[in-house]
1. Relative to the longest principal axis of the C-alpha atoms of chain D, give the angle of the C-alpha long axis of helix D:340-351, reported between 0 and 90° and rounded to the nearest 10°.
2. Would you look at the GNM of chain D, springs on alpha carbons closer than 10 Å, and say which of D:R338, D:R140, D:R154 moves the most?
3. Taking 1 over the mean of 1/r across every pair of different Cα atoms in region B:84-369, what Kirkwood radius in Å do you get?
4. Please state the charge dipole magnitude for the protein assembly as shown, taken about the Cα centre, from unit charges on C-beta atoms (+1 on K and R, -1 on D and E), reported in debye and rounded to the nearest 20.
5. Quick one: putting +1 on the C-beta of Lys and Arg, -1 on the C-beta of Asp and Glu, what dipole do you get for region A:36-179 around its Cα centre, in Debye to the nearest 20?
6. Using a basic spin-label model with each label point 7 Å from the Cα along Cα→Cβ, how many nm lie between B:L348 and D:T10?
7. Taking beta carbons within 10 Å but only from partner chains, what does the mean come to for residues C:6-17?
8. Cut-off 10 angstrom, C-alpha nodes, Gaussian network model of chain B. Which of B:L273, B:L292, B:L302 fluctuates the most?
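The values are calculated or read from the model by the stated rules, or taken from the named source; none is laboratory data. Note that the coordinates shown come from a computational prediction; the quantities given were computed from them, not determined experimentally. Cβ atoms come from the backbone with ideal geometry, glycine included; neighbour counts cover every protein chain shown. To get the accessible areas, we keep the full protein, side chains included, count just its heavy atoms, and leave off ligands, DNA and RNA. Shrake-Rupley method; radii C 1.70, N 1.55, O 1.52, S 1.80 Å.
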Amino acid sequence: MSPDPAHGTPPGTPAASAGPAVSAPEAHVMVGNADLFVNWSRKSSLWYLLFATACCGIELMQAGASRYDMDRFGAVFRATPRQSDLMLVAGTITHKMAERVKRLYDQMPEPKYVIAMGSCANTGGPFYKDSYCVVKGVDLLIPVDVYIPGCPPRPEALIDGILRLQKIIMKKKNYGVKA
Amino acid sequence: MEALAISLVNAVPLLAGVPLWAVTLLLMVVVAAVILVFALTFEGVGSLVLRKVAGDIQARIGPNRVGPNGMLQFLADGVKLVLKEDLIPANADRLLFKLAPYFAFVGSFAAFVVVPFGVGLIAADLNIGIYYVMAVTSLVVIGVLLAGWSSNNKWALLGGMRAAAQIVSYEIPVGMALIPAVLIAGSLSLQDIVRSQSGLLGIFGWNLFHNPFTFFSFFLYFTAAQAETNQTPFDLPEAESELVSGYNVEYSGIRFGLFFLSEFGDMFIVATLSTACFLGGWNVPFFNAGTLPWIWGNLFSLGVFLAKAFTMVLIMMWVRWTLPRLRVDQLMRMAWKYLVPLTFVNLLGVSLWLLVFKGKGIPAMIASLFG
Amino acid sequence: MGLKAYMNDIVEAVVTTAKGMRITARYGVDPREEVTLQYPEERWEIPEGYRGFLHNDIKTCTACTMCVKTCPVDCISLESVRGADKRMVLASYDINIGRCMYCGLCVEVCPPKSLKHTSGYEMASVTRGELILHFIAEDAAEIKARVARQVAEAAAKAEAQAAAKAAEVPSSGTAEVAKAAEAAKAGAQAGPKAAEVPPSGTAEAAGAQASAKTAEVPLSGTKAPDVSSESAKAPVVEPKAAKEGENKE
Amino acid sequence: MTTRTDALPTQEMTINMGPQHPSTHGVLRVILTTDGEVVTRAVPDVGYLHRGLEKIGERVTYAQYMPFTDRLDYLAAMNCNCAWAWAVEKLAKIEVPERAEYLRVIVCELNRISSHLIAFGSYTADMGAFTPFLYGIREREHVNDLFEMICGNRLTYNYARVGGVSGDAPPGFLEKTKEFLDYFEPKIDEYNNLISYNKIFVHRLANVAVIPAEEAVAYGLTGPNLRGSGVPFDLRKDEPYSVYPKFDFKVCVGTGERGTLGDCFDRYMVRINEMRESIKIVRQAVAQIPDGPVLAKVPRLFKPPVGEVYFRSECPRGETGIYLISDGSVNPFRLKIRTGSFVAMNIFEKVTKGLMIADIVAVIGSFDIILPEIDR
């Protein structure tokens, strides 16, 4: 398991500021470069889990398809959580599904990232008020890195979310962190 | 290798005191390293090319943001996979689970040893070349089977079982479809097979145009070999839409990476075998690379060989992005009802041809008509 | 299966495969078939009337709560107080775009047409609090206090005028005393909230007004006034005007 | 069909397919009992996307429920929108302006095309060919653009209103629709050449999961699933609503052209052919559309009379029936929605007996299910 300080923090804390700063820059030139390289490789190869529950799944498909082509950013889908880096929670999570979402997240290897896509995953969305069986935000189940508003978000918004996540990944400190 | 070592010792006086076995060993390590680097680079670039080809065919672009024009995509993928957490499922057979990817990778990598890259560029010109390739690539199935079994996952198990059935069935048509080339060359060595297709007849010296039976042989081999290496439309062991990810469903990180690389390695082996056995290897029309100085001849033939092999790889990708997948019983039916009988008929045809026409192909006969 | 059917099978397989491969090859080599939009650089032209994020022009908003009542998901929360000139003054106007379903019903019913869909669609944010758009940057309690003070002042003025009118009749000796007494009474009416506010005079109120004018939060993910408090409250952020939103009719 | 011999003693294995599986079209879970590759029993387990849509209908007003119908079948949201509007109009006996009806028919048929495109695309992806899937989605994007133009959203349209539609077609919409139809029509032939008649594809689908006509009727299948069995039942023809009687189109039925009547291939081909018919309808509608208002006068606080109504319309996944009881208040008293995907799940266990695991995927795809319709 790689040291990933931002993970495990409660939802809502800004992920970027969670890692302690590298103490002395001149002493960590190598570390800094290694961090840069590792983060670059991680952000450039975000394989997402093919996990779509509802409406947002269609926009997720369209974002991966020809016009928006997420493959340009190195994001391809994998069917199994073991080979995915990024979980795009696209759609409504019901109470019956909640346990499965948690399990899928646990099955993913570190470092892993989560994007909550669309209103349902953000807050429960349209089903927040009157539905008795919808989880009111996927961050109640698993830590979320980026929230994308929209119902469903346009494919561009999804790509924007992935670019935002890439920026967050680039700021992570993997080595040289004093525990 | 030993011969090369002897000539090296003779050429370089500095090595006179070193025992011959040490020089040979050193040479072996160097050659293996060179081939490993080549294989890894090819497999990495292959994955990138696969995605680019997919992009082209699917009316999109494919990776273009990582590095200049997406060139570094495979590097990023590789580094990421290496640094990924290495998960082993709780109830997995740990030893076999760890071992399986290496089997698969070694199986595909070891076959590179006998690939005739150029006039003199071959790591080991074994006199059992073709059989060596077929034997070694069968290691892949051991790896896949182990992966399927040891993961303790039913999808993986199904994938492993499918792989075993598939590879065992398709070994026969693959072998039978390659034998015509062996018959014509009279040798199992790949280098000999390539040499038998040389001559100034140009493109017609190739086994592909030797006679009608060899022509069909090539297509039969290509079809069967795609199945043997689990390429679409025969990618049943991995069958993403059925078995989630098939035999490698529980693999993460670099272990998955090895499976991933071995897939491209297999692809390349199929391409090289079809190039060497049917498409004339490093031979080009109206030109004999053997007449050039050693270094230039080798470079030239290397280029020709790689160009042909990469074309074959591209065709495989093209097929991959066009066709749907067969069902497992249809796959078996295709092997036993279509490919096996046809390859046997073909083999019979080629043998008869060679017997009747004394080993001459159609182009040679036409050429002899004109004196 | 006869030999003819057998051969037919093979021929058909080859022919149909070749047909398919011809089509994919055409797509593969023809660059005109590429439809990809290079998103961050090129953008899709958003048509007129696209239903993006909501934006309320609070200068024209009349705080009529129609949007709150219409919203099927209670994503709009609104607090208002009655101002000195009997008009409603917005104390806070928040839209939770993380819950909004972008149906446009609120925009259709808005009487002054102050609520609109923008063409914005990108607001990936790191915290859930960022998804709540605050259209009034000032604190709601502060606005309420200010309005209460204004109401009190207006009431005091009116009372004073009335008192002055009344005082004109008998004599002008006790006018000062009466005014002070009325002012105290008005202050008591205004409730405890007005009393909490430090008596800083009209200068601050003017400043608050100025800030309220510039308080339209632009649609950018960077502006998140109280992220920490929101995230502390997260995940359940109760809309303040939710009770009003039920369909009493 | 495969035959199995009991020469060797074998043990059955229970496999859990889904809810996260690439080809269960969402979060369907199928519990498979298999003997090797042969499935002896496949039981669908639904409810992973139960969001209480019917209950929500009792809590919101008639107008407010409109956006929720978008989420009922997100691939054919326009059809669900219009079904809701038609149902409420039938209940309250509201006259709808003719132009609004024409616009509804245009968007419904366009949505049918885009929905069938996803059905086609995801089906081929299930069968292992990924490229046609992307072609299908590429064409779907054009439909999305049209909808974005007319109603302002790409997927959840909320376009219909009780008494009409939310807005008239913007200038240029009808021309663009025609352009799209001209562009799209030849693509269907291309799909057929690319994959529909591909030998492997046909072999995967033909003679798999055959549903005879009487069985299909008995199980209550509707839409393309029923027509695939050769029953020419189409609500647009048999129980005409809206302005459908004015258009000339034919009901596509399965013909058993590559196998038995009622197999997966027939259901697939019905969808492909229906796209052509939809093109025909849209062409006629665009040519005939009258001028006029698009929204009838309906009070903002809409209260229908006390009563109940069942309205059914032909959605891409079969009959979407809306059963409404009104007690005269602003909210429906009870709402029940009958959907095509849900009834398709009834017959699932019956037809999958003895198939192989790969066929299960083919059967799920051939029913073209969508999870919110099943779970609601």
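1. Compared with the principal axis, the helix lies near 10 degrees.
2. Among D:R338, D:R140, D:R154, the largest mean-square fluctuation in the Gaussian network model of chain D belongs to D:R154.
3. Values: mean 1/r = 0.0511 Å⁻¹.
When all Cα pairs of region B:84-369 are included, the Kirkwood radius is 19.6 Å.
4. On the way: 113 positive and 115 negative charges, 78 e Å.
Here the size comes out at about 380 debye.
5. Numbers: 20 positive and 12 negative charges, 92 e Å.
The dipole of region A:36-179 has a size of about 440 debye.
6. If labels sit at B:L348 and D:T10, their model points lie 3.3 nm apart.
7. Numbers: counts 3, 0, 0, 5, 3, 1, 4, 8, 3, 3, 11, 7.
Average neighbour count from other chains, rounded to a whole number: 4.
8. Among B:L273, B:L292, B:L302, the largest mean-square fluctuation in the Gaussian network model of chain B belongs to B:L292.
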